[in-house]
Amino acid sequence: MNSGTLSAAMRAEPEKLPQYVKMYYDLYNELHSIHDTEGIYPKLKDCFHQQADRLGRWLSPDEVKAVHSIVDALKDEDSVLHGDFHPGNIMLHNGELLLIDIPDVKSGSQLYDLANVFRDMISCPQSTPHMCEISQGLTPEMCSQIGNMFFSMYCKSTDPEVIGGFMKQFGLVYGFFMTMFIGEEDLHPEAEKAAPHIIDQLCRKIVLPNADTVKYLLQTL
């Protein structure tokens with residue numbers, strides 16, 4: 001293939017970053033315009049219900065039941081989802097973007113992939129900046145730039161108050177998706193080590209106390 005990753009192109013040609021982010025954003029929309037009408041891929045809601053049961057390692061039965069109720073609030077959509085949608089998993093081939101690393105394709109709410117973007121481009125540069133280089137081949141500063149541009153396009157606004165308001169709301173949704181991540185099978189050792197802290201600080205103290213708001217946002221964002 002005459003190609004390299006989108007993240008490598010972004011890093012090599014920072015003057016073209018707005019153009020590359022627009023391509024990234026357009027690919028996000030193009031992917032989610034594809035619908036799994038024949039039910040080929042696993043359904044996100046079904047996967048999440050299985051993951052909610054696995055959270056019983058750390059949560060009480062009542063807490064697990066509450067997580068299941070949030071999963072039930074996910075829209076019954078059939079958009080095709082990548083599952084790890086960041087520039088390091090996209091190849092730039094003769095000017096065209098091609099997705100790679102797709103063993104976790106599912107169908108469901110596109111908010112799942114939006115949470116991937118939020119994780120890698122907004123949260124990661126702040127919470128675990130060293131992971132930007134490891135997982136995406138980008139500096140934390142570039143990840144933040146990309147995230148801000150992406151969400152400005154998503155919000156169709158350059159107004160910091162509009163974007164900030166959306167980010168505040170989506171932060172709760174992101175907390176829910178991060179909680180579900182801990183319920184995946186075969187967690188990476190680092191994720192396994194961090195799981196009790198994430199469950200306690202994110203799930204118990206933020207997601208579950210705001211369960212009704214999370215359900216509402218899953219339906220309306």
Practice problem: Could you tell me whether any residue of the stretch 57-66 is modelled with pLDDT of 95 or more, touching a strand residue (DSSP E or B) at 6+ places or on another chain (Cβ under 7 Å) and β-branched (Val, Ile, Thr)? | Solution: no
Practice problem: Scan the stretch 5-17 residue by residue and report those that are in contact with a helix residue (DSSP H, G or I) (Cβ under 8 Å, 6 or more places away or on another chain) and either over 23 Å from Ser135 (Cα atoms) or in contact (Cβ under 8 Å) with a residue 60 or more places away in the chain (or both). | Solution: Thr5, Leu6, Ser7, Ala9, Met10, Arg11, Pro14, Leu17
Quiz item: Quick one: which of Tyr112, Tyr41, Tyr25, Tyr20 is closer than 30 Å to Arg204 by Cα, of a type in the set (Phe, Trp, Tyr) and in contact (Cβ under 8 Å) with a residue 12 or more places away in the chain?
Solution: Tyr112
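A quick yes/no check of all residues on (1) farther than 23 Å from Leu44 by Cα; (2) in contact with a strand residue (DSSP E or B) (Cβ under 6 Å, 6 or more places away or on another chain); (3) of a type in the set (A, V, I, L, M, F, W, C); (4) surrounded by 13 or more Cβ atoms within 10 Å (Cβ to Cβ):
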residue: Pro125; (1), (2), (3), (4): yes, no, no, yes
residue: Pro129; (1), (2), (3), (4): yes, no, no, yes
residue: Leu138; (1), (2), (3), (4): yes, no, yes, yes
residue: Cys143; (1), (2), (3), (4): yes, no, yes, yes
residue: Pro189; (1), (2), (3), (4): yes, no, no, no
Self-check item: the stretch 51-79: number of residues that are among the hydroxyl-bearing types (Ser, Thr, Tyr) and in contact with a helix residue (DSSP H, G or I) (Cβ under 9 Å, 6 or more places away or on another chain)
Solution: 2
Quiz prompt | Members of the stretch 121-153 found to be in a loop (DSSP other than H, G, I, E, B) and among the hydrophobic types (A, V, I, L, M, F, W, C), listed by number | solution = Leu138
Exercise. Tell me which of these Arg119 doesn't satisfy, since it passes every other one: (1) of a type in the set (D, E, K, R); (2) free of Cβ contacts under 8 Å to residues at least 40 places away in the same chain; (3) more than 18 Å from Asp46 (Cα to Cα).
Key: (2)
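The values are calculated or read from the model by the stated rules, or taken from the named source; none is laboratory data. Since the structure is predicted, the reported quantities are computational estimates derived from the model, not experimental observations. Don't worry about glycine lacking a Cβ; one is built from the backbone with ideal geometry, like all the others, and counts go over all protein chains shown.
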